[in-house]
1. Pick out the one residue from A:THR89, A:THR99 that is in a loop (DSSP other than H, G, I, E, B) and either more than 9 Å from every other protein chain (Cβ to nearest Cβ) or under 26 Å from B:SER51 (Cα atoms) (or both).
2. Among the residues of segment B:61-72, which ones are farther than 23 Å from B:ASP95 by Cα and not charged (D, E, K, R)?
3. For residues that are touching a Leu at 6+ places or on another chain (Cβ under 9 Å) and either in a strand (DSSP E or B) or surrounded by 15 or more Cβ atoms within 10 Å (Cβ to Cβ) (or both), tally how many sit in segment B:52-72.
4. Against the condition more than 29 Å from B:LYS250 (Cβ to Cβ), part of a strand (DSSP E or B) and of a type in the set (D, E, K, R), how does B:GLU180 come out, does it pass?
5. Checking A:THR129 against (1) surrounded by fewer than 24 Cβ atoms within 10 Å (Cβ to Cβ); (2) in contact with a helix residue (DSSP H, G or I) (Cβ under 8 Å, 6 or more places away or on another chain); (3) of a type outside the set (Gly, Ala, Ser); (4) touching a residue at least 40 places away in the same chain (Cβ under 8 Å), which test does it fail?
6. Name the single residue, out of those in segment A:185-212 being within 14 Å of another protein chain (Cβ to nearest Cβ) and without any contact (Cβ under 8 Å) to a residue 24 or more places away in the chain, that is surrounded by the fewest Cβ atoms within 10 Å (Cβ to Cβ).
7. From the list B:ALA240, B:ALA269, B:ALA301, which one is assigned to a helix (DSSP H, G or I) and either surrounded by fewer than 16 Cβ atoms within 10 Å (Cβ to Cβ) or not assigned by TED's automatic domain parsing to the domain that holds B:TYR189 (or both)?
8. Among the residues of segment A:107-158, write down those that are within 11 Å of another protein chain (Cβ to nearest Cβ) and either closer than 21 Å to A:GLU208 by Cα or among the aliphatic types (A, V, I, L, M) (or both).
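The values are calculated or read from the model by the stated rules, or taken from the named source; none is laboratory data. As the structure is a computational prediction, the values presented were derived from the model and not from experiment. Cβ: placed from backbone, ideal geometry, glycine included. Neighbour counts: every protein chain shown.
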Amino acid sequence: MSRMKKTEPENFGAFSRRNFFKSLGTVAATAATAQVQSVAAELEKVNSEKIIGPNAVPVTLTVNGEKLQLLLEPRVTLLDALRNYSSLTGAKEGCDRATCGACTVLLGDTPIYACSKLAIEAQDQEITTVEGLAKNDKLTKVQQAFLDKDALQCGYCTPGFVMSVTALLKKNPHPNADDVKHACAGNTCRCGTHPRIIQAALKAAGVEVASKTEVIDYV
Amino acid sequence: MKSFQYATVHSTASARELVADKGAYLAGGNDLLGLLKEYLISADTLVNIKSLPGLNKIEHGRNVWTIGSLVTVAQIENDADIKKTFPGLHEAAADVASQQIRNVATVGGNLAQHSRCWYFRHRDTQCLKKNGDLCYARNGENRYHSLFTGNSCISPVVSSLATIFTSLDATAIVLRDGKETRMSMAELYQRAWENPLAHNSLSNTDLILRVEIPTTRSRSAYLQASDKHAFDWALVSCAAATTIEGGKLKSPRVTLGSISPVPHQVEAANSFLDGKVLDDATATHAADLILKDAKPLEHNAYKVPLAHALIRRTLLKLKGEV
């Protein structure tokens with residue numbers, strides 16, 4: 001192939017001419033008008049505005065309380081970063097289009113789709129995956145309830161559901177079945193275990209409901 | 001996804017500068033990443049605007065409430081004051097997608113999202129919206145498409161917030177060429193009515209900053225009909241807002257979503273309802289007026305009776321205790 005493309009656009013990389021001049025200008029203006037202490041803060045702001053990528057850049061994720069130092073292209077999603085760069089395969093990839101919920105993780109206490117968040121955006125936030133729930137070989141109430149109620153078949157969607165239910169119980173410790181349905185609307189189980197997932201969520205919340213389907217207790 | 005550069009900005013000036021000609025603003029990212037993953041759009045730089053100051057707040061004025069464009073749909077859903085003052089807005093927000101999406105999706109992104117037409121979303125289809133010369137939906141699978149259009153593209157607007165904002169007479173404040181421009185919801189989508197290439201009236205560099213809602217109308221309601229009970233796009237959505245004085249409607253507004261490239265409002269229906277006592281007969285006549293010029297296609301004629309019922313129900317819901 002003889003077709004050669006000019007690969008360096010004007011703004012390529014962190015040290016483009018424009019950004020360099022821009023930083024200079026801003027710092028000078030700031031120094032003239034503001035306290036010296038705030039210059040550092042301003043400088044940090046300007047520096048954070050620089051264009052990075054498209055090649056891999058350092059990204060620090062805090063996952064399950066642990067800091068992960070990764071080298072990622074800006075286009076890498078949080079899900080990709082967890083599964084393919086950190087060997088945390090608990091969050092599953094189903095649709096990769098914010099539809100199935102298998103990739104649900106918590107940012108702080110908030111459930112989100114890891115497939116539709118860039119990893120680079122998830123820095124500075126506590127990320128919890130299903131691997132981060134059990135402590136000292138002890139399952140959480142939600143995990144145990146999923147087992148007790150046999151709330152899974154193939155299990156591929158389960159980590160996502162567990163995270164959605166976990167987030168729900170943090171926000172609302174005493175949900176009813178409708179609350180569970182609302183909280184889990186963004187998760188899909190193709191095996192069709194939804195009724196038992198609802199029972200599991202209610203059991204984890206300490207609410208036992210009369211079930212229309214017979215549930216075999218394995219534990 | 002193709003690779004792209006990335007920047008986080010702290011001022012709208014930097015945002016505008018860095019997005020340049022070929023960049024894209026990144027807020028919630030739900031729609032943007034979907035478009036990028038399907039190669040429907042390309043962006044050389046994603047400019048993360050979530051650190052722009054002051055845009056993630058809901059502010060209560062006496063006459064006008066201001067919702068920043070970075071406020072998430074979940075914030076609206078969970079705001080007790082919104083639920084009290086604009087129940088229709090609460091209902092519309094609660095019906096958006098799933099909690100995982102509502103937790104990150106922003107007001108600006110919801111308003112600016114691209115068409116959900118499955119021909120547009122198919123990466124191999126070169127439809128009108130992608131500069132092709134044919135609307136595949138018109139003679140194809142069009143059960144989710146429009147009953148009204150001003151051009152040859154029949155993909156409808158799907159933002160449920162746009163539907164309720166239209167009934168509440170909300171104004172979007174858009175940063176365009178360094179200046180704040182005020183746009184009614186009709187203006188925000190007008191270009192999608194005229195031009196098959198457009199999803200709304202915004203250019204690549206326009207940035208929605210805020211939405212202002214007048215508190216004029218004390219009652220509002222939103223209903224949508226979908227195939228699924230939750231986490232589904234509306235087949236038809238309906239929003240209504242009004243004040244009721246002495247048992248009579250004052251400045252009522254009814255808007256339909258998902259049946260036109262723009263939030264569908266019929267002036268004749270609004271003025272017919274004005275000053276009327278709300279009952280089955282008036283609601284039915286208003287629904288007749290709103291759907292009078294509907295042009296159903298092969299597979300979406302069901303939307304006419306569905307919309308008719310939804311208009312009546314939404315209107316009658318306004319009568320409920322506030």
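1. Details: A:THR99 fails: either more than 9 Å from every other protein chain (Cβ to nearest Cβ) or under 26 Å from B:SER51 (Cα atoms) (or both).
Criteria check complete, one pass: A:THR89.
2. Scanning segment B:61-72 gives B:GLY61, B:ASN63, B:VAL64.
3. Total meeting the criteria: 8.
4. Working: more than 29 Å from B:LYS250 (Cβ to Cβ): yes; part of a strand (DSSP E or B): yes; of a type in the set (D, E, K, R): yes.
The answer is yes for B:GLU180.
5. Going through (1) surrounded by fewer than 24 Cβ atoms within 10 Å (Cβ to Cβ); (2) in contact with a helix residue (DSSP H, G or I) (Cβ under 8 Å, 6 or more places away or on another chain); (3) of a type outside the set (Gly, Ala, Ser); (4) touching a residue at least 40 places away in the same chain (Cβ under 8 Å) one by one, A:THR129 breaks only (1).
6. A:HIS194
7. After ruling out the rest, the residue left standing is B:ALA269.
8. Once the filter is applied, which keeps residues that are within 11 Å of another protein chain (Cβ to nearest Cβ) and either closer than 21 Å to A:GLU208 by Cα or among the aliphatic types (A, V, I, L, M) (or both), segment A:107-158 yields A:LEU107, A:ILE112, A:ALA114, A:LEU118, A:ALA119, A:ILE120, A:ALA122.
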